[in-house]
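A quick write-up on the structure given underneath.
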Amino acid sequence: MSKTVIVTGSSKGIGAATAIMFAQKGYNVVINYNQSYESASLLCKSLTANGYSVITQKANVSNKLEVDLMVKETLYKFGTLDILVNNAGIAFQGLLTDTDEIDFDRIIDINLKGVFNCCKAVLPSMISRQAGKIINISSMWGQVGASCEVAYSAAKAGVIGLTKALAKEVAPSGITVNAIAPGLIETNMNSNLTIEELTDFVSTIPLGRMGSADEIAAAVDFLASDKADYITGQVLGINGGLVV
Ligand code: NAP
């Protein structure tokens, strides 16, 4: 039987590349989106037109009820849930002194509580099968902190802490939990940067370029595979050598 994966925030960017990768490998794929109904539907249509097993499911990951429903629908549709990729996230730039409480809560709610909500929703089914793989998309800023991204860095550092703690907690149930900490990846998330800002940023990256969404998807592919069965609680940096 084909394995089933939920990729949160897969209407575009890294999540979409990851959903495409899993679909092409024969997984049942749940494309989760919150706001981008059209992008999610277009991606789903193009994959199903090629014979792949894909559905879309709207859920704001910061909303427990919507996440629970997404997982329930997934289990109803495909019968099992083997892999969860917690990818949904939003960025926020600004001095801490200009970050209001609402912005801070929103960043934490989506980037960190969203991971908690999704893990909590999928674990009962994974624990009952004594198998499962959870891959959390953090950020290099969660490892080293970014000036003017305090809320985002805190949320992504939280994802790393959650990954390590949960890995220990669910290892006896045969479930692995790992994180990926991407560097500068070419997606909409960085579309607010000017050419000059991007050029300056890229000049600090030892490999001299941005990463691609496909390069993150390739790492997810590995961590979700049997080849990574003995890897848990780890943070894989994919950042062109910027953070070593
Ligand atoms: P992106 O192109 O902006 O895509 C973000 C995705 O997250 C979208 O599909 C969006 O879906 C979804 N999303 C946002 N809020 C959501 C919510 N409340 N519930 C469900 N889905 C939600 O960004 P990306 O670069 O691919 O980022 C993917 C992940 O990588 C994020 O966690 C990000 O922090 C992390 N990351 C990115 C970079 C980078 O340089 N790009 C670097 C390090 C880490 P809707 O549009 O449907 O809401």
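Throughout, read-outs are computed from the coordinates displayed, never taken from laboratory work. Keep in mind it's a predicted model, so treat the numbers as computed, not measured. Cβ: placed from backbone, ideal geometry, glycine included. Neighbour counts: every protein chain shown.
Compactness ratio for region 28-139: Cα radius of gyration over 2.2 N^0.38 Å (N = residue count) comes to 1.17. Over all pairs of different C-alpha atoms, the chain has a mean inverse distance whose reciprocal, the Kirkwood radius, equals 18.0 Å. Between THR99, SER46, ALA19, the Cα set farthest toward the positive side of the dipole of region 1-107 (charges on each charged residue's Cβ, about the Cα centre) is that of SER46. Summing Cβ point charges (Lys, Arg +1; Asp, Glu -1) relative to the Cα centre of the chain gives a dipole of roughly 1000 debye. Sorted fewest first by neighbouring Cβ atoms within 10 angstrom, CYS44, CYS118, CYS148 come out as CYS148, CYS44, CYS118. Between GLN143, GLN130, GLN57, the Gaussian network model of the chain with springs among Cα atoms under 10 angstrom shows the greatest mean-square fluctuation at GLN130.
Where in the chain are the DSSP H helices whose C-alpha atoms run 27 Å or more along the long axis and whose mean Kyte hydropathy is at least -0.5? Qualifying helices, which must be both long enough and hydrophobic enough, are 150-170. Fully extending the segment from ILE90 to THR199 would add 37.0 nm, taking 0.36 nm per residue of separation and subtracting the current Cα-Cα distance.
Give me the net charge of THR56's neighbourhood, meaning all other residues with Cβ under 13 Å from the Cβ of THR56; Lys, Arg count +1, Asp, Glu -1.
+2
For trypsin sites (Lys or Arg not before Pro), the sites in region 17-74 that DSSP calls loop and that have at most 16 other Cβ atoms within 10 Å are LYS25.
Computed from label points 7 Å out along Cα-Cβ, the spacing between PHE222 and GLN234 is 0.8 nm. Annotation for region 100-120 versus region 77-93: alpha-carbon center distance of 14 Å. Neighbour counts of other Cβ atoms within 10 Å put GLU197, GLU101, GLU66 in the fewest-to-most order GLU101, GLU197, GLU66. Entry note, the chain: the mean residue ellipticity at 222 nm calculated from DSSP H runs of n ≥ 4, each adding -39500 (n - 2.57), is -14000 deg cm²/dmol after division by the residues and rounding to the nearest 500.
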